[in-house]
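First the structure, in the form of structure tokens, and then the observations on it.
The values are calculated or read from the model by the stated rules, or taken from the named source; none is laboratory data. Everything quoted here is computed from the prediction, not taken from an experiment. Don't worry about glycine lacking a Cβ; one is built from the backbone with ideal geometry, like all the others, and counts go over all protein chains shown. Note: accessible area is taken over every heavy atom of the protein model, side chains too, but ligands, DNA and RNA are not part of it. Shrake-Rupley method; radii C 1.70, N 1.55, O 1.52, S 1.80 Å.
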Amino acid sequence: MSGAPDPTLSSPPTPTLSAPPAISGLLCRSLYPFSGEQHQQGLRFEAGEVIKVLQVLDGGWWEGEKGGARGWFPATYVQILEKPGMVNSQRVEDSTHGPLPQGWQSYMSHQGRRYYVNTLTNETTWERPVSSPSSPQSPLTQKTSLPAVNGYLSSGSPVHPIEPSHVSLRKTSSDPQSPGSPSSTKKQTKEATLTINCVTFPHPDTMPEQQLLKPSEWSYCDYFWADKKDPQGNSTVSGFEDLLQKQLKGKQMQKEMAEFIRERIKIEEEYAKNLAKLSQNSLASQEEGTLGEAWAQVKKSLSDEAEVHLKFSSKLHSEVEKPLLNFRENFKKDMKKFDHHIADLRKQLASRYASVEKGRKALAERQKDLEVKTQQLEIKLSNKTEEDIKKARRKSTQAGDDLMRCVDLYNQAQSKWFEEMVTTTLELERLEVERVEMIRQHLCQYTQLRHETDMFNQSTVEPVDQLLQKVDPAKDRELWVKEHKTGDIRPVDMEI
């Protein structure tokens with residue numbers, strides 16, 4: 001904690017028991033400033049500010065609320081204040097043995113057992129403090145009166161380590177917890193989230209309604225966060241991999257469309273070649289007259305039609321096939337870059353999750369060690385045992401601090417993965433829209449060229465129609481007779 005005193009080593013008073021049986025709902029005053037900069041969920045405050053305690057965590061960390069902001073802070077940085085009507089715990093007068101020493105207050109737990117809180121040092125004990133100057137209440141006696149694990153009391157009940165399945169230290173409920181059930185808060189937090197392949201999701205039973213990032217659009221960025229079983233059921237496939245496969249399939253479909261157009265081009269080229277060849281055929285070339293002209297135009301129209309289809313095939317290649325092949329030329333390279341980027345973020349997330357679990361295990365071990373030493377102190381009182389407890393408490397607090405840092409790093413890694421997933425999936429969505437729109441435009445170009453081809457073909461037939469309308473057998477006969485006549489003097493009868 002940068003710029004802040006060590007809660008177990010320096011100026012802040014080290015409370016014998018840092019968390020009383022009923023701490024949720026109490027008000028406390030900060031003794032020292034805490035920046036919270038090293039903790040993503042830290043609560044920033046200055047000395048002398050009033051904070052409402054929301055929940056406690058094994059390890060000397062409390063969650064509080066101040067001015068609408070909530071977060072975590074070391075318990076040793078604050079001093080408990082009196083608060084009438086505490087949940088599950090009532091302040092009671094204890095005048096049977098005279099007044100309590102200065103700073104001490106008496107409370108009754110929900111189990112009906114009286115305990116005492118020192119509002120100056122945060123110290124709690126089941127035994128009534130002694131005010132006689134000749135027989136002061138020994139801190140050692142106070143420590144043995146109620147076992148504590150890492151400075152956190154649970155009304156005499158053993159403090160359980162944090163469940164391994166719990167990942168986030170986020171607060172999921174603002175309801176105060178009873179002093180005898182420290183595990184209830186952890187249970188609520190555990191049930192509020194679950195971790196699948198190192199990604200933290202809200203639990204289905206307690207999941208709050210989440211607003212879609214792009215409502216009513218069925219966007220990639222809203223529906224591909226979870227992993228699923230592959231078709232063979234042997235392993236899991238991330239939602240992002242599904243998107244990549246969609247993109248790769250789209251690219252393949254685009255390539256096959258280009259191949260289809262190429263086959264159409266070949267047909268057009270072959271057709272044009274055959275038409276041109278047929279137009280050079282000499283069959284019926286000796287036909288004469290208006291019919292001969294019409295027939296010659298029929299053959300010429302084949303040549304014109306061949307030219308039209310040749311141009312059509314050339315435009316299909318330049319305006320449809322080639323763009324389909326060249327569009328997103330670096331597609332595979334881009335997809336590989338996206339894949340590696342998101343995969344690296346997932347690996348980092350998995351690594352951070354492993355660190356959280358390791359930190360959780362280390363904290364549990366430190367808590368267990370502290371509990372063992374505390375139990376030893378109950379059996380045998382000695383300065384060495386007391387020093388061992390202080391040392392164990394420092395290590396336990398440090399382990400809790402390390403766990404908080406690991407959780408912060410995990411949350412940062414998950415936030416980074418989340419941001420990059422949104423950015424990348426939206427980019428993939430944009431590319432898919434671009435691909436579909438490009439294909440649509442070029443298929444429209446194909447149909448347009450096809451219509452133009454039909455129009456040009458029609459234009460080649462029109463001269464044939466016009467000449468056929470002019471075919472006149474009488475005219476043809478006249479022309480032929482004029483050209484081939486042998487004489488117009490008719491024969492006469494022979495005379496004797």
Quiz item: Quick one: length gained pulling residue 288 to residue 300 fully straight, 0.36 nm per residue minus the C-alpha distance?
Solution: 2.7 nm
Quiz item: Put a dot 7 Å past each Cα toward the Cβ at residue 281 and residue 336; how far apart are the dots in nm?
Solution: 5.5 nm
Quiz item: How much accessible surface area, in Å² rounded to 10, belongs to the heavy atoms of residue 455 with a 1.4 Å probe?
Solution: 110 Å²
Quiz item: Hey, if we sort 430, 394 by accessible area with the 1.4 Å probe, largest down, what's the order?
Solution: 430, 394
Practice problem: Would you please give the FRET efficiency between residue 219 and residue 46, computed as 1/(1 + (r/R0)^6) with r the Cβ-Cβ distance and R0 = 60 Å, to the nearest 0.05? | Solution: 0.85
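By how many nm would the segment from residue 102 to residue 248 lengthen if fully extended, with 0.36 nm per residue of separation less the alpha-carbon distance?
45.0 nm
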Exercise. Return the aspartates and glutamates within reach of residue 273: Cα separation strictly under 15 angstrom, same-chain partners fewer than 8 residues apart disregarded; answer none if there are no such residues.
Key: 304, 305, 307
Quiz item: Points 7 angstrom from Cα along the Cβ direction at residue 420 and residue 358: gap in nanometres?
Solution: 2.0 nm
Quiz item: Got the relative contact order for region 185-337 handy, in percent, Cα pairs under 8 Å and 6 or more residues apart?
Solution: 19 percent
Self-check item: Under 17 Å from the residue 210 label point (7 Å along Cα→beta-carbon), backbone N, region 420-434
Solution: 420-426
Practice problem: On the full set of protein chains, 1.4 Å probe, figure out the accessible area of residue 444 and give it in Å² to the nearest 10. | Solution: 60 Å²
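Order of 201-208, 71-78 by packing, highest average Cβ count within 10 Å first?
71-78, 201-208
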Quiz item: Using the Cβ atoms and a cut-off under 12 Å, what net charge is assigned to the surroundings of residue 46, where Lys and Arg are +1 and Asp and Glu are -1?
Solution: +2
Self-check item: Inter-label distance, nm, simple model (7 Å from Cα along the C-beta direction), residue 267/residue 444
Solution: 2.4 nm
Self-check item: Potential extension, residue 229-residue 471 segment - 0.36 nm per residue separation minus Cα distance
Solution: 79.5 nm
